[in-house]
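Structure first, then comments.
The values are calculated or read from the model by the stated rules, or taken from the named source; none is laboratory data. All figures in this text were calculated on a predicted structure; none of them were measured in a lab. Cβ coordinates were reconstructed from backbone atoms using ideal geometry, including for glycine residues, and neighbour counts include every protein chain displayed. These accessible areas exclude ligands, DNA and RNA; they are computed on the full protein's heavy atoms, side chains included. Shrake-Rupley method; radii C 1.70, N 1.55, O 1.52, S 1.80 Å.
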Amino acid sequence: MDEWAKLKDEPVDGILEPDEDTFETPPCYEHFRFVADRKQSLLRVDKFLIDRMMNVSRNRIQLAAEANCILVNGIPVRSNYRIKPLDAVSIVMSYPRYETKILPEDIPLNIVYEDNDLLVVNKPAGLVVHPGHGNYTGTLVNALAYHLREDPLFDPSDPAVGLVHRIDKETSGLLVIAKKPAAKTHLGLQFFHKTTQRNYTALVWGVLKEDHGRIEGNIGRDPRDRLQMTVFPDGEQGKTAVTHYQTLERLGYVTLVECKLETGRTHQIRVHMKHLGHPVFNDARYGGDQILKGQTFSRYKQFVQHCFALCPRQALHAKTLGFVHPSTGKALFFESELPDDIRNLIAKWSHYIATN
């Protein structure tokens, strides 16, 4: 692992607080432990640890010591403490150690804004946001761990910082990441209270009759297919979900729409558009990778197949993102251009309806 971020290597479910009505120090959890052998010569603890931990700098070890995270025989020590034979050296954190570690990886990031509190990135399609089953490396979080590897306050495995919201692997667009716990709390409350601005652009199957509309329906895990989400119209299952849409352009058998999220449920736009009868174009999980509208001629079928190849993922892009800066109180607004695959897809449909 790399640097200080690698010392603090696992996620925590919440901030550890003293028990109610007490002022006791929160418990610490041992992450690393080394015992000096009987012939150990006097050696500074920072050098002792550097010799035993891969890719960790002395500066990071010193920061850990200043934070009272390095114990010798159960007592916090400074980085200049000299190790003696049979000393037990531990590195402790305020949360338990987990099995999965987030490794920094040098993955290019399209950063559109960054300051001491946060950064906004424009995620490409195909990049998984967070490590999970089947995707433990090569994610946006791994890229952030590398980009912020010199920041002693940023731990990629600590949920008190990092991603404030997520978008799907094959969805492109804007995301905000918090560098500090206070920033994440502030931003998280904005998402919770629905005061952020999040608009998506999508190409969907069919011709929407209305120029604009509101889709409301609880979203939850589909009991028939646990990999999918579904709408429960009766409201007895799932979580409340509201999507507002506006028609931007009708392109024959498909429509370009803008979707504004009032809530942020898993796959919300994809599920709501399918529920409306207009799946997102080439959305394999929700049936958009089939020819749902149009002619039966082989020439048309060939055209649609070319469209699928031109944009080999769901045609969905997180285009705008607005929020209030957690420290300055200034309103920030970001807009991302449509990526080439969606722009080319729109152009191809525009040409098709103009020539047929």
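Which angle between 0 and 90 degrees, to the nearest 10, do you get for helix 340-355 versus the longest principal axis of the chain when only C-alpha atoms count? The angle comes out at about 0 degrees. Sorted largest first, the spans of the alpha carbon positions of the chain along the three principal axes are 85, 45, 43 Å.
Is segment 225-356 best put as rounded, prolate or oblate by its Cα gyration tensor, with a ≥ b ≥ c the root eigenvalues, rounded for a/c under 1.5, and otherwise prolate when a/b is larger than b/c, oblate when not?
Numbers: a/c = 2.42, a/b = 1.38, b/c = 1.75.
Taking the square roots of the gyration eigenvalues as a ≥ b ≥ c, segment 225-356 is oblate.
Residues whose amide H lies under 5 Å from that of I83, counting only those 5 or more places away or on a different chain, are L43, R44, V45; hydrogens are built 1.01 Å from N in the peptide plane. When you restrict to C-alpha pairs under 8 Å that are six or more residues apart and normalise by the size of the chain, the relative contact order lands at 14 percent. Shown in residue order for segment 204-209 are the 3J(HN,Hα) couplings computed by the Karplus curve 6.51 cos²θ - 1.76 cosθ + 1.60 at θ = phi - 60°: 10, 6, x, 10, 5, 6 Hz (x for Gly and Pro). Please say if segment 68-220 is rounded, prolate or oblate, where rounded means a/c under 1.5 for a ≥ b ≥ c the square roots of the C-alpha gyration tensor eigenvalues, and otherwise the choice is prolate for a/b larger than b/c and oblate otherwise? Cα axes put segment 68-220 in the prolate bin.
Backbone phi angles across segment 244-259, fed through the Karplus curve with coefficients 6.51, -1.76 and 1.60 (θ = phi - 60°), yield HN-Hα couplings of 9, 10, 9, 6, 9, 7, 9, 10, x, 9, 9, 9, 8, 10, 10, 10 Hz in residue order; Gly and Pro are listed as x.
Taking amide hydrogens as placed 1.01 Å from N in the peptide plane, the amide H of L316 sits under 5 Å from those of S172, each at least 5 positions away in sequence or on another chain.
Taking all Cα pairs closer than 8 Å and separated by 6 or more residues, the relative contact order of segment 89-222 comes to 22 percent.
Report for the chain the percent antiparallel among DSSP-assigned beta bridges with both residues inside it, nearest 5. Can you show the working numbers first?
Numbers: 63 of 65 bridges.
Antiparallel bridges make up about 95 percent of those DSSP assigns within the chain.
Taking every protein chain into account, the accessible area of segment 217-355 amounts to 50 square angstrom per residue (probe 1.4 Å).
Shape class for segment 233-292, computed from the alpha carbon gyration tensor (a ≥ b ≥ c): oblate, with a/c not under 1.5 and a/b at or below b/c. Working note: Karplus 6.51/-1.76/1.60 with θ = phi - 60° gives segment 215-224 the couplings 10, 10, x, 4, 10, x, 5, 5, x, 8 Hz, where Gly and Pro are set to x. For segment 102-179, the solvent-accessible area works out to 39 Å² per residue, with a probe of 1.4 Å and every protein chain left in place.
Rolling a 1.4 Å probe over the protein heavy atoms of the chain, with every protein chain left in place, gives an accessible area that is 49 percent carbon and sulfur. Among the listed pairs K180/K274; K101/K260; K47/K179; K47/K101; K101/K274, those whose Cα-Cα separation exceeds 27 Å are K180/K274; K101/K260; K47/K179; K101/K274. Here the label points at K47 and E335, each 7 Å from Cα along the C-beta direction, are separated by 6.0 nm in the simple model. The amide H of Q228, built 1.01 Å from its N in the peptide plane, has D222 as neighbours under 5 Å, considering only residues 5 or more places off or on other chains.
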